[in-house]
Amino acid sequence: MTIELALFYLLSAVTVGCAVMVIASRNPVHSVLFLILAFFNSAGLFLLLGAEFLAMILVVVYVGAVAVLFLFVVMMLDVNFRRLREGARLYWPIGALVGVILLAELILVTGGWAFAGGFETAAPIPSDPSITNTEALGRVIYTDYVYLFQTAGVILLVAIIGAIMLTLRPRGTLRRQDIAEQVHRRPQDTVELRKVDTGAGV
Amino acid sequence: MTPAPLLDLMPALPEFLLLLAGLLFLVIGVLREGDGVRLIGPLSALSLVIAAAIILASDKTAADTFGGHFRMDAFAAFLKVLIYVGVAAAILVSQNFLEDERIARFEFPLLALFGALGMGMMVSANSFLALYMSLELQSLSVYVLAAGHRDTLRSTEAGLKYFILGSLASGLLLYGISLVYGFTGTVMFDQIGSLLRDENASLSSGALVGLVFIAAGICFKLGVVPFHMWTPDVYEGAPTPVGAYIASAPKLAAMGLLLRVLIDPFGAWVGQWQQIIVFVAIASMLLGAFAAIMQTNFKRLMAYSGIANIGYALVGLAAGTRDGVDGVLVFMAIYMVMTLGTFACILAMRRQGSYVEDINELAGLSRRQPILALILTILMFSLAGIPPTAGFFGKFYVFKAAIDANLTWLAVIGLLSSVVACYYYLRIVKLVWFDQAAEPFDLPLRPAIGAVAGISAILLIVAVLAINPLFASAGIAASAIFH
């Protein structure tokens with residue numbers, strides 16, 4: 001129990017620290033890298049909760065796809081972040097106000113929940129220790145919800161077709177490898193023997 | 001562990017057909033660079049017609065599959081047949097336009113096909129999760145299609161605007177769904193319905209707020225006031241055949257969704273959602289009638305006309321009765337035919353190789369192309385609701401349902417606003433028949449465009465003879481969602 005507690009505080013502290021660094025660091029690439037670290041630590045927190053599927057999905061989707069996409073955008077688009085930051089000082093009172101309001105709301109909600117009591121909470125689905133989260137999800141996704149799962153696949157297919165249709169332009173200068181043409185080339189079509197006089201050009 | 005029982009997938013047979021066809025055409029299109037659209041357009045239309053034929057031939061008793069998320073019943077069948085045929089017609093009229101504008105890419109019919117798949121799933125959705133997924137599938141296809149003319153600023157703007165506002169609407173919808181799920185504990189329509197019909201259950205205000213958000217999200221997809229802002233810009237900016245596509249089948253699908261959600265799970269709360277629908281209907285009818293007067297661009301005019309027409313349809317829904325839903329279904333069927341026919345006429349407005357959209361270009365059309373002028377006149381008379389065209393019967397049934405439900409004042413507002421709307425429909429008729437002739441449009445008329453315009457005009461005329469069978473089959477469809 002104490003090891004879990006120590007791990008929880010370690011991971012939480014690193015997550016919060018990373019989150020602060022995401023907005024505090026001057027270099028945008030560092031910001032994205034801190035964001036990735038924050039995702040990893042959150043995945044660790046999910047593991048502590050016993051939600052191993054969610055943890056892996058967080059790593060795969062957010063670290064593997066979203067954060068890397070951010071990194072690409074930051075590095076490929078020449079955005080002058082220093083200029084963007086100018087004037088940020090002017091807005092800090094508004095930012096602080098929003099932060100204080102959010103904090104007050106959180107305190108109200110958790111305080112009310114902790115002290116007032118008597119709230120009806122939805123009954124959680126009884127967990128079966130014999131099967132893992134992944135297996136439990138797999139059992140319903142491919143049976144009860146197979147229709148929705150397949151529909152999601154068709155939607156993604158349409159998205160790919162749409163993205164290609166709207167962005168791909170056939171360019172004449174593109175040189176693709178045509179294997180059939182390469183195989184069917186005959187020496188007599190392409191190789192020419194010439195008699196070259198000594199000392200003269202071709 | 002015992003193996004799970006095999007799913008009965010027969011109710012979703014049309015969806016499987018369309019999905020497999022879409023995947024196959026994707027491979028064909030990628031392998032055949034260049035002329036893919038000439039092959040895939042007709043093939044997509046053919047597969048949609050086959051899917052519609054399968055539905056017509058199949059048993060119409062309600063059947064659930066995929067754990068209750070998907071329901072095939074007479075209601076879904078009625079709307080699916082219309083949607084598939086409508087999308088097939090929109091694909092056929094688009095072929096020449098895409099080639100003329102040098103944007104002939106095989107993705108156009110393919111995305112229209114995937115959109116049709118999404119629309120079919122929308123009217124079959126039997127849980128809030130299925131509702132959201134199918135709505136996104138349809139919306140995503142339409143966003144891309146609207147931006148399909150990617151080298152023009154207006155098309156890109158239309159796509160982006162539609163996408164951003166559509167995402168906002170999806171957010172509203174999801175928020176509403178989460179509230180309903182939180183307060184009822186389920187996403188399945190049947191369970192929510194029986195929960196709300198239970199007299200002992202207290203009316204939970206949280207779920208009511210959720211219902212408002214869900215209605216707002218679907219109203220955005222329908223493009224009704226106050227969620228109409230995107231409609232004129234998207235209709236004008238998107239390539240014209242995509243406009244035809246957006247204006248026809250997706251409206252039917254969104255209307256089907258709204259009908260099913262309000263009647264099936266929330267049927268016990270008629271008194272609650274009636275106020276929303278009445279407000280939206282009045283605002284849409286009035287805005288559609290007055291804002292269109294100033295328009296000279298035919299596509300923008302059709303956008304406002306569409307807003308007003310969905311408003312008329314909602315009058316039938318506001319009644320909340322079986323006859324009201326029956327009237328809405330008949331109205332939407334006729335609306336789709338009128339819209340496709342009118343957009344086909346807009347596609348015929350082509351002068352010296354470039355497309356024109358201003359209504360003044362139609363001046364004196366009767367002297368140059370009398371048949372096209374006649375078709376356009378029938379379409380405009382029908383949109384205005386002048387008997388004996390079908391448009392009259394559509395309005396008649398929804399207004400009659402409203403009067404029967406003691407909403408006479410709503411029907412009166414509807415009638416008055418359709419009188420105002422007559423002005424801009426009849427102005428086009430006047431331009432066509434009585435004004436000085438402008439230069440003629442390019443001849444000959446493209447066969448697909450001529451066929452769609454002609455068939456829609458003929459359908460609107462012969463509807464007088466077939467209105468009772470149509471009303472009866474819509475009645476069977478409407479009964480399917482009432483408990």
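The values are calculated or read from the model by the stated rules, or taken from the named source; none is laboratory data. The structure presented is a predicted model; accordingly, all values stated were derived computationally and were not measured. As a convention, Cβ positions derive from the backbone with ideal geometry for all residues, glycine included, and neighbour counts pool all protein chains shown.
Brief remarks follow.
- Within the set A:Ala67, A:Ala55, A:Ala114, A:Ala104, the sole residue that is at pLDDT below 85 and within 30 Å of B:Gly182 (Cα to Cα) turns out to be A:Ala114.
- For B:Leu410, the conditions (1) loosely packed, with under 14 Cβ neighbours inside 10 Å; (2) more than 22 Å from the chain's Cα centre (by Cα); (3) not small (Gly, Ala, Ser) are fulfilled apart from (1).
- Flag for B:Ser167 being surrounded by fewer than 17 Cβ atoms within 10 Å (Cβ to Cβ) and within 20 Å of the chain's Cα centre (by Cα): yes
- Residue match in region B:436-453 (condition: over 15 Å from B:Cys345 (Cα atoms) and part of a helix (DSSP H, G or I)): no
- Count of region B:54-83 residues which are buried (at least 22 other Cβ atoms within 10 Å of the Cβ), within 23 Å of A:Val146 (Cα to Cα) and more than 14 Å from chain A (Cβ to nearest Cβ): 4
- Test result for A:Gln182, surrounded by 14 or more Cβ atoms within 10 Å (Cβ to Cβ) and not hydroxyl-bearing (Ser, Thr, Tyr): no
- Tabulated pairs, region B:338-353, first touching a residue at least 40 places away in the same chain (Cβ under 8 Å), second surrounded by fewer than 24 Cβ atoms within 10 Å (Cβ to Cβ) and in a strand (DSSP E or B), C-beta under 8 angstrom, 6+ apart or interchain: B:Leu347/B:Tyr355; B:Met349/B:Tyr355
- Restricting attention to region A:144-191 and to residues that are modelled with pLDDT of 85 or more, within 14 Å of chain B (Cβ to nearest Cβ) and not in a helix (DSSP H, G or I), the residue that is nearest to B:Ala130 (Cα to Cα) turns out to be A:Tyr145.
- Residue check, A:Leu90 assigned to a helix (DSSP H, G or I) and in contact (Cβ under 8 Å) with a residue 24 or more places away in the chain: no
- Residues of region B:325-344 that are hydrophobic (A, V, I, L, M, F, W, C) and either surrounded by fewer than 24 Cβ atoms within 10 Å (Cβ to Cβ) or closer than 22 Å to B:Ala401 by Cβ (or both): B:Val325, B:Val328, B:Leu329, B:Val330, B:Phe331, B:Met332, B:Ala333, B:Ile334, B:Met336, B:Val337, B:Met338.
- Residues that are of a type in the set (S, T, N, Q), under 19 Å from the mean Cα position of the chain (by Cα) and assigned to a helix (DSSP H, G or I) do not occur anywhere in region B:258-281.
- Search result, residues across region A:148-157 that are within 21 Å of the chain's Cα centre (by Cα) and over 19 Å from A:Leu137 (Cβ atoms): A:Ile155, A:Leu157
- Check on B:Ala478, in a helix (DSSP H, G or I) and under 21 Å from the mean Cα position of the chain (by Cα): yes
- Region B:283-299: number of residues that are more than 19 Å from B:Ala363 (Cα to Cα) and in contact with a helix residue (DSSP H, G or I) (Cβ under 7 Å, 6 or more places away or on another chain): 8
- Only listed residue being modelled with pLDDT of 95 or more and surrounded by fewer than 18 Cβ atoms within 10 Å (Cβ to Cβ), chosen from B:Val49, B:Val27: B:Val49
- Filter result for B:Pro265 (within 30 Å of B:Ile359 (Cβ to Cβ) and not small (Gly, Ala, Ser)): no
Residue-by-condition table, conditions (1) buried (at least 17 other Cβ atoms within 10 Å of the Cβ); (2) at pLDDT 95 or above; (3) under 22 Å from B:Pro241 (Cβ atoms); (4) acidic (Asp, Glu):
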| site | (1), (2), (3), (4) |
| --- | --- |
| B:Gly364 | yes, no, no, no |
| B:Arg367 | no, no, no, no |
| B:Ala405 | yes, no, no, no |
| B:Ala421 | yes, no, no, no |
| B:Tyr424 | yes, no, no, no |
| B:Ala437 | no, no, no, no |
| B:Pro440 | no, no, no, no |
| B:Pro447 | no, no, yes, no |
| B:Gly450 | yes, no, yes, no |
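- When B:Val37, B:Val27 are checked against the criterion of being without any contact (Cβ under 8 Å) to a residue 12 or more places away in the chain and within 14 Å of another protein chain (Cβ to nearest Cβ), B:Val27 stands alone in meeting it.
- Here B:Leu18 fulfils each of the conditions (1) within 12 Å of another protein chain (Cβ to nearest Cβ); (2) in a loop (DSSP other than H, G, I, E, B) apart from (2).
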